[in-house]
Amino acid sequence: MAEWLDEALFYEVYPQSFCDSNADGIGDFKGLMGKLDYILSLGCNAIWMNPCFDSPFIDAGYDIRDYYRVAARYGTNEDLKELFKAVHEKGMHMILDLVPGHTSDECEWFKQSKKHERNKYTDRYVWSDDIWEGFESVSGVTGAIRGGTERPGTCATNFFNCQPALNYGFARKDPDKKWQQGVDEDGPRATVKEIEKVMDFWLSMGCDGFRVDMAHSLVKNDDGHLATIKLWQEMSGYLKERHPDAVMVSEWGEPEKALKAGFDMDFLLHFGPSHYLELFREDKPYFSAKGEGDISEFFELYVRNLKLTKDQGGLICIPSGNHDMRRMAKYLTDDEIKIAFMFLLTMPGVPFIYYGDELGMRYVEGLSSVEGGYERTGSRSPMAFDATANAGFSSAPEECLYIRQDESKSYINVETEEADPDSILNNVKELIGFRREHPALSNRADFSLVYCKKNEYPVVYGRSCDDEALLLIFNPAGRNEKLSDEVKELIKDKTVIFSMGDELSADTVPGKSAHVIMIK
Ligand code: NOJ
Ligand code: CA
């Protein structure tokens, strides 16, 4: 069991856009290495880095060409090893992105798999046996690669057209379609073994685990994901046996399934049933002062998931954002973001902060797509460190940057925010410090929902452990709200130990405020 997760607080780094050490306009390992102290200064002690492997970058590196080699633009395998070492020397951990569902169509495995003659890779991907036979009736497939191959068949894709689906077999097979292989057949088994080898390779080099891309997507025609869950139980079991301290966090969005599958934690995401988007995004975010949001459906499912996953450790991760969703600053003002962070950093589970969110970095509108980013490109602009050229991200000429720097709010950067006591950055640091001081706020401490009604503010929850019990009251709406009798009773004669916004009174919570009350 990876105990380091009890204290972990993650920072997500999109390597392209974080820090460029050699002035080629794109971030790299050495750049990140030079910023570890910054990440530590926030209070974060773990890093998730998006894919850094050899790739044609049609999907920003989620289209891997070689699973055993890093992309030259970030450095060498040796440089990454050095980075792991530097991370560990600072008492931090670092996980990589594992992409088990698909490769790039330039991957050698796929090239071999396209050949007419049978070979080791013939069954590495999901292929039909007829050039006109597609996957319309198959679930878990996004499209098809048809034509341009020696092999007289069609290959399933898992995301973009350049991402052929690796073959883990079919849970439900159509008896008339012999090309649909069972999960126990040789092709799917060899895929599993290869991905285990990939995990071993990087873990042995010093990586501390993986964020697993589209973890739900492996087995096709898998109703209820039962076969995929079984497969992950096997793969996570293999991993834990060899690397007991390694962790795996899934991009799944359904903690009950993911934790049963053996993941240490699962993300709530912009897709799936979690209602995550209703917190900080969409047209009526709960954390907006407009006060038109609803958090009740989010919490209904959250509480259910916490109960269901309790036996497995129940770590549900609520990220501030990620490289796939529009930044929260598109929807919330600076003050609203601060209250949103107070929520994120007082909830159970392992918090994940997407680089730049701690500054309130904007979603940059109107950018043309870079490396398959499309609407996601605006959330991937370079990190802003200071007021020097390109905001300290890179000393390359401006026109060479991977994505252009946000111009409209260029005063936002680490240096200016560090100097401003009211900045989002200092607020985030303070909140992380506060979380760390209070055992009741730690990742695995208990959670109870105290007051949460449909379309209503405030929302009130408790956090507790053996020695401490705290009550948290949030009223992000721009109007005062009365407290319920139950909450009034709970806070009577108790001390408010942390507040944002105006003071709490015995029966009213002011608009745009949030409070922590010491109960025990
Ligand atoms: C999810 C990743 O987060 C996203 O960036 C990527 O495009 C798809 N999976 C495909 O790998
Ligand atoms: Ca560089």
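The values are calculated or read from the model by the stated rules, or taken from the named source; none is laboratory data. A quick note: this is a predicted structure, and the numbers were derived from the prediction, not measured. When we count neighbours, we look across all protein chains shown, and the Cβ atoms used for this are built from the backbone with ideal geometry, even at glycine. The protein model used for the area step is the full one, side chains on, heavy atoms only, and it has no ligands, DNA or RNA in it. Shrake-Rupley method; radii C 1.70, N 1.55, O 1.52, S 1.80 Å.
Things to note:
- Residue, nearest to residue 381 (Cα to Cα), within the stretch 28-52, restricted to residues that are more than 16 Å from ligand 1 (Cβ to nearest atom) and in a loop (DSSP other than H, G, I, E, B): 28
- Residues in the stretch 476-500 that are out of contact with any Phe, Trp or Tyr (no Cβ under 7 Å at 6 or more places or on another chain) and in a loop (DSSP other than H, G, I, E, B) were compared, and the one that is least open to solvent (accessible area, probe 1.4 Å) is 483.
- Condition met for residue 269 (open to solvent by less than 30 Å² (accessible area, probe 1.4 Å), assigned to a loop (DSSP other than H, G, I, E, B) and either in contact with a Ser or Thr (Cβ under 7 Å, 6 or more places away or on another chain) or not small (Gly, Ala, Ser) (or both)): yes
- Given (1) open to solvent by less than 40 Å² (accessible area, probe 1.4 Å); (2) within 16 Å of ligand 2 (Cβ to nearest atom); (3) aliphatic (A, V, I, L, M), number of the condition residue 72 does not satisfy: (1)
Listed here are the residues, each with its yes/no results for (1) more than 14 Å from ligand 2 (Cβ to nearest atom); (2) closer than 24 Å to residue 390 by Cα; (3) open to solvent by less than 10 Å² (accessible area, probe 1.4 Å).
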{"position": "1", "(1), (2), (3)": "yes, no, no"}
{"position": "17", "(1), (2), (3)": "no, yes, yes"}
{"position": "35", "(1), (2), (3)": "no, yes, no"}
{"position": "45", "(1), (2), (3)": "yes, no, no"}
{"position": "51", "(1), (2), (3)": "yes, yes, yes"}
{"position": "56", "(1), (2), (3)": "yes, no, no"}
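Every residue, every condition in (1) open to solvent by less than 40 Å² (accessible area, probe 1.4 Å); (2) more than 16 Å from ligand 1 (Cβ to nearest atom); (3) in a loop (DSSP other than H, G, I, E, B), yes or no:
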| residue | (1), (2), (3) |
| --- | --- |
| 168 | yes, no, yes |
| 172 | no, yes, yes |
| 178 | no, yes, yes |
| 187 | yes, yes, no |
| 192 | yes, yes, no |
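- In the stretch 79-114, of all residues being within 16 Å of ligand 2 (Cβ to nearest atom) and open to solvent by 40 Å² or more (accessible area, probe 1.4 Å), the one that is farthest from residue 165 (Cα to Cα) corresponds to 82.
- Within the stretch 353-410, the set of residues being within 15 Å of ligand 1 (Cβ to nearest atom) and free of Cβ contacts under 8 Å to residues at least 24 places away in the same chain comprises 369, 374.
- Count of residues meeting criterion [touching a residue at least 40 places away in the same chain (Cβ under 8 Å) and open to solvent by 10 Å² or more (accessible area, probe 1.4 Å)] in the stretch 255-266: 4
- Wholly within the stretch 273-377, helices (runs of 4 or more DSSP H) carrying at least 2 residues that are among the charged types (D, E, K, R) and crowded, with 21+ Cβ neighbours inside 10 Å: 334-344
- Of all residues making up the stretch 58-69, the number that are more than 24 Å from residue 380 (Cα to Cα) and open to solvent by 70 Å² or more (accessible area, probe 1.4 Å): 0
- Test: residue 473 is farther than 21 Å from residue 340 by Cβ, among the β-branched types (Val, Ile, Thr), surrounded by 15 or more Cβ atoms within 10 Å (Cβ to Cβ) and at pLDDT 95 or above: no
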